[in-house]
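In what follows, a single structure is set out as structure tokens and then discussed.
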Amino acid sequence: MYPEHTPHVPAQRAVEVHQPTPLPPAVPVAAPVVPVQPNAVPAVASIVLPDGRVVTGYAIEPTRPEPVAAKPAVSRTAVNVALGGAGFLAVCGGLVLLTSFIAALTAFITQLIILAAVVFGGWIAAQIFSASGHRGGGTTVNIRKAVIKRNHFRS
């Protein structure tokens, strides 16, 4: 902060007080118009003040407001309601398909049970009717090489 070759103490520094100088009130005088090309802005602009002084500086473009964001054609609420309705219909359709699948599966299992009962019942019926059919309809008993067939004796 301080150069090292100057020995001094901070309390010994001289304090300079600057008082603002009041400016005389500006007299509204029409400033001369500087001709400018219609579509071109010079790199450096010069303005002549009413007291005759000339101020030269860079031209500042006027601030432009930021463009307003374009609103969507459809409101977000309408999009959310439509998506919710589509989701609800998809769930309902899925439940209908699930119900139809369960009903079809139940009918298939019922048909398998009925088929098993018919096949098993037919096999039992075949066993019953085939056992009595090939012997002639009576009870056969063999006693000492004699065949007794329902009240008939044959030797």
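The values are calculated or read from the model by the stated rules, or taken from the named source; none is laboratory data. Note that this is a predicted model, so its numbers are computed, not measured. Glycine gets a Cβ as well: all are built from the backbone with ideal geometry, and neighbour counts include every protein chain shown. Accessible surface areas use protein heavy atoms only, side chains included; no ligands, DNA or RNA. Shrake-Rupley method; radii C 1.70, N 1.55, O 1.52, S 1.80 Å.
Annotations
- Candidate residues 54, 68, 79: accessible-area rank, largest first, probe 1.4 Å: 68, 54, 79
- With R₀ fixed at 25 Å, the C-beta to C-beta distance from residue 48 to residue 19 puts the FRET efficiency at about 0.25.
- Gain upon complete extension [residue 104, residue 128; 0.36 nm per residue less C-alpha separation]: 5.0 nm
- For residue 45, the residues 5 or more places off, or on other chains, whose built amide H falls under 5 Å of its own are 57, 58, 59.
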